[in-house]
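Derivation of every value follows stated rules applied to the coordinates shown; laboratory data play no part. The structure presented is a predicted model; accordingly, all values stated were derived computationally and were not measured. All Cβ positions, even for glycine, are placed from backbone atoms using ideal geometry, and neighbour counts span all protein chains on display.
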Amino acid sequence: MPKEIDAIHYERKRNSIKTDVTRFGITETKKILGFHKSFPEYQETPLVNLKNLAEYLGVKSIHVKDESPRFTLNAFKVLGGSYCVGSVIADKLSLDISELTHEKITSDEVKPQLAEITFVTATDGNHGRGIAWAVNYFGSKSVVYMPEGSSEERLRNIQALGADASILNLNYDDTVRFANKMAEENNWILVQDTAWDGYEEIPTRIMQGYTTMANEIIHQLDGAKPTHIFLQAGVGAMAGAITAFFVDYYSEEEQPIIVIAEPEKANCLFKTAKENDGKLYKVTGNMDTIMAGLACGEPCTIGWDILREYVDDFVSMPDKIAAKGMRVLGNPLADDKKIISGESGAATLGLVAEALENNDLNWLKEQLHLNQDSQILCLSTEGDTDKENYRRIVWDGLYPSF
């Protein structure tokens, strides 16, 4: 009988030439943080110290970065989308991104130029909403395609931001290909965090945008250092960017153990790590997982180049682990702060709680070196971006693989 949770330990390469991470490091990304701070809606999202949960689970500390308040959009994705859109527009106007002020983009000189630009993307929801928000802010146009099975609520949220958005009869990766085709045919700008040969500059900029979360975390930890960082992954863009940031920030001797978590129905990074033969492995067909934001079958090449060098463990897990994370975060112990976390957002905390509570997973606990001295960092990357589905899972325990 197969394990419900499967994990691969991936030995880091030491004393060898590795993928450069400085473009995602603290020095290079200070300007990106400054760009995000220039938005009137900017606020540092909370890093929540779940001290009672940590004591209950037998570890030293658990911190969760709560991205639900991010720019009022309930998810982190806008960080990558806004920085990418902003940098593309700055390039077109021959400006440094620091010069892209509200006064500049609303000026009589610049505003008509921005209105002629159309951005297009594929999304399960959060990325497209972030792109639509950023494009609307700059006064340009956006077209957003969503894969089959996407939430109607997420579609409406994107349309409310002025995007021409629709759900296609395609899976996520085929939707990306369709968006790329439309960009080529209509001279639109494709803004996708999935990278492939020949399409890497824009995904890199999106990934760089995500590092604002890590810059904030360093400030919020105030000198404390996590022993473990758990990151959820779809294509691996966010996970790659955050991994790169912390690898750049800490010395090799100080580097935390980094664990990547994926849904078993869309575990392309896990499969690639398991084969470990230099090739990228895809998951095809209908990826029917509740973790919609992670339902991606093809790895991001830039992300994988980082993850294969610096990640310690890849974990493939069933939907019920993410559902557990949603319940744990939404029902805190004692005076721990409540966190409303969606299916993809709660994936890593669910994994941490299950590994520490379930005696059948002692093998995983040992593999991940989890013990009473562990200081754990998780990212809750979204809130209840699909409120109906959130209630169905948390209230009724209903989801496709139940």
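Details
- Listed residue (142, 106, 48) projecting farthest to the positive dipole end of the chain, Cβ model: 48
- Net charge, residue 188 excluded, C-beta distance under 13 Å - Lys, Arg +1, Asp, Glu -1: -2
- Sites residue 200 and residue 391 - FRET efficiency at Förster radius 41 Å, r taken between beta-carbons, to 0.05: 0.55
- Within the chain, percent of DSSP bridges classed antiparallel, to nearest 5: 25 percent
- With a Förster radius of 41 Å applied to the beta-carbon distance between residue 170 and residue 371, the computed FRET efficiency rounds to 0.35.
- Length gained when the stretch residue 60-residue 185 is fully extended (0.36 nm per residue, less Cα-Cα span): 39.5 nm
- Whole-angstrom gap from segment 315-386 to segment 43-75, using each part's C-alpha centre: 11 Å
- An oblate overall shape is assigned to segment 257-391, the ratio a/c of its alpha-carbon gyration tensor axes (a ≥ b ≥ c) being 1.5 or greater and a/b not exceeding b/c.
- The separation of segment 98-135 from segment 293-312, counted between C-alpha centres, amounts to 28 Å.
- Qualifying lysines (Cα of each under 19 Å from Cα of residue 37; at least 8 residues distant if same chain): 65, 77, 104
- In terms of its C-alpha gyration tensor, segment 44-91 comes out prolate, because a/c is 1.5 or above and the ratio a/b outweighs b/c.
- Linear extension gain, residue 101 paired with residue 254, 0.36 nm per residue minus alpha-carbon span: 51.2 nm
- Measuring max minus min along each principal axis, the C-alpha atoms of segment 157-242 give extents of 50, 34, 23 Å (largest first).
- Among (i) 39; (ii) 52; (iii) 46, the entry that matches percent of Cα pairs over 29 Å apart as calculated here: (i)
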